[in-house]
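Note sheet for the following structure.
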């Protein structure tokens, strides 16, 4: 479907947005409107982009844009997150193409392609272009819209007499749906309902130019009905949009003194008024039931503003609605509104945007406005896809950073802060910095075989990530070979897991002149498995040096969640369940020294290289689209710490220790300090 098709015949050129996946929210009221936007969109690489349609589900936007390689050549695009996709043209890259409408799921897109003097209506089915033909050999044709399933297309084409005539295309056949003024009159089809049964547009009422007018029509079942005008037989009228159910038609009509936006329902055409008395207004689209109408109107002196109309609020300036709700437009003027989603919540159009003090450009926008909000009062925001994408990249880094920091909590559970040996011992510990407490055991079975185990409970709070109610368990099997002079080799395999931990993540993005923050809370399963080999060097009875190399795999599976929508987060993210994972190589050194029978110390340092990083982060952000992080660059960090032990008795030792993890890309630095008691048995 498309919200308008043949607007180019009226001489208007607009830029519209790239749009995806808009969720459904609770009903709103005029007293508490819900507002989002606008989102200012860039171009496809050239100087301008024009958006003309959006799929019924809101997940695919279509239009056309100039190319970076040719500032005068347009190509059709579709947008489903990430970057707009060039749909190509019938004659290859040197021909132009334009996309005007899409079906419900975006799998079928319609528009035009070819040399400008010989355009062809086209349809892209899953990205493959096909010509829909023409009425006559050599005649041009233009496709404006398609129905919900994408198997019916409407537009207009030239006849052998040189007339433009509205068509309905289905199953490879283009059918002339006639005109109000007979065989010698022109007609233009601009939109179609979801079922494909209702077509709207406009037509000349007579072949006699002395009495002919342009009148909006509604076609159904082979019958074209003249919708009249706001000025009776003397006025012109034009239909550009139809509701999804086919019952409401919108456009504009001549009055006794001007042109006004109109809405037709049940045989009656209503004047929707204007933004300023005596000025013109034009309705361009309506939602699934015809309850919300959008378009644009003039304020005098050539100034044009977008409007939104409902029966309760009547026609209101969209700029005023947004600024009244606290949205700082900051050099942005919403000049028109060309489309609205089937649920009436998403408005698209073009804006005048101050790109620099010297430059004002036309850019597409996406705005959200609906009459109420869940939880909070009126809300709104202004952002860019680049900023949102950046915030999701930061979110992926924060998720990985939280997982990397867990290695610091796991270290005491497997005795990584103690001298290696074959004594059985158990202990408890507590840390501050991030609160944690737990216990560990090293059970020496004999013949160099040790079982290492530990449990802990922790809570962490970082800049962009938080972990609560995290119960961690660790288990490893270690074998230390018999003494071979002053050194002993060893091997070890094990891992740790923190299932169903409560996690929270923040992401920050541009919102007008400031920033907004989205917060999401969910559950996560964290884990790590490894194999380690190394050597224990004991040059004296008081000194021990351990060198090791480790290969491991870490992961974190995060349950899906939705950030809370509100004034502090007008472009909320809906995050799908996903698993972040990476392979690790660790090279470690651990040095222990006994100063006396009672006092000893251990220092350790490991360098970690994470590679084969893969983020399972997939998020749909209102007004921006569905984005996936995927493969990430390798990253490095350090794990380090120190411990001082004091023997209270021959069997009991008091330990004071500190450990930390430091790295980049969301890992940052976190140092923990703690104390513990060990008992040898």
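Just so you know, all these numbers are worked out from the coordinates, no wet-lab data involved. The structure displayed is predicted, hence computed values, not measured ones. Methodologically, a virtual Cβ is constructed for each residue, glycine included, from the backbone with ideal geometry; neighbour enumeration extends over all protein chains shown.
Quick one: check the C-alpha center-to-center distance for region 150-190 versus region 574-603, whole angstrom. After rounding, the separation between the Cα centres reads 74 Å.
Between residue 493 and residue 299, the contour length at 0.36 nm per residue exceeds the Cα-Cα span by 62.4 nm. Note on region 339-365 and region 393-422: Cα centroid distance 47 Å, given to the nearest whole angstrom. A simple spin-label model places the labels of residue 312 and residue 160 5.7 nm from each other, with each point 7 Å out along Cα-to-Cβ. Arranged from fewest to most other beta-carbon atoms within 10 Å of their beta carbon, 637, 486 become 486, 637.
In the set (i) 41.9; (ii) 28.0; (iii) 35.7, the label that goes with mean projected area of the Cα convex hull in nm² computed for this structure is (iii).
Computed packing ranks the peptides 203-214, 397-408 as 397-408, 203-214, most packed first, by mean other Cβ atoms within 10 Å. The overall shape of region 160-303 is oblate: from the C-alpha gyration tensor, with semi-axes ordered a ≥ b ≥ c, the ratio a/c is 1.5 or greater and a/b is no larger than b/c.
Across region 246-365, counting alpha-carbon atoms alone, Rg and Dmax equal 14.5, 50 Å. Can you tell me the 0 to 90 degree angle between the C-alpha axis of helix 385-410 and the longest principal axis of the chain, rounded to 10? That helix lies at roughly 20 degrees to the long axis. Taking every alpha-carbon pair in region 624-681 and binning the separations at 5 Å intervals from zero gives 4, 14, 16, 11, 12, 10, 9, 7, 6, 4, 3, 2, 1, 0 percent. Note on region 46-200: the alpha carbon radius of gyration divided by the globular reference 2.2 N^0.38 Å gives 1.00.
Anisotropy class assigned to region 110-219 is oblate, per the alpha carbon gyration tensor with a/c at or over the 1.5 cut-off and a/b no larger than b/c. Ordering 307, 135, 429 from the fewest to the most neighbouring beta carbons within 10 Å gives 135, 429, 307. The Cα center of region 305-336 and the Cα center of region 461-484 differ in position by 55 Å.
When the helices of the chain are scored as -39500 (n - 2.57) per DSSP H run of n ≥ 4 and the total is divided over every residue, the value at 222 nm lands at -1500 deg cm²/dmol. Using the average count of surrounding beta-carbon atoms within 10 Å as a protection proxy, the listed peptides 124-132, 216-224, 499-507 rank, highest first, as 499-507, 216-224, 124-132. Cβ-to-Cβ counts within 10 Å put 464, 650 in ascending order as 650, 464, the fewest first.
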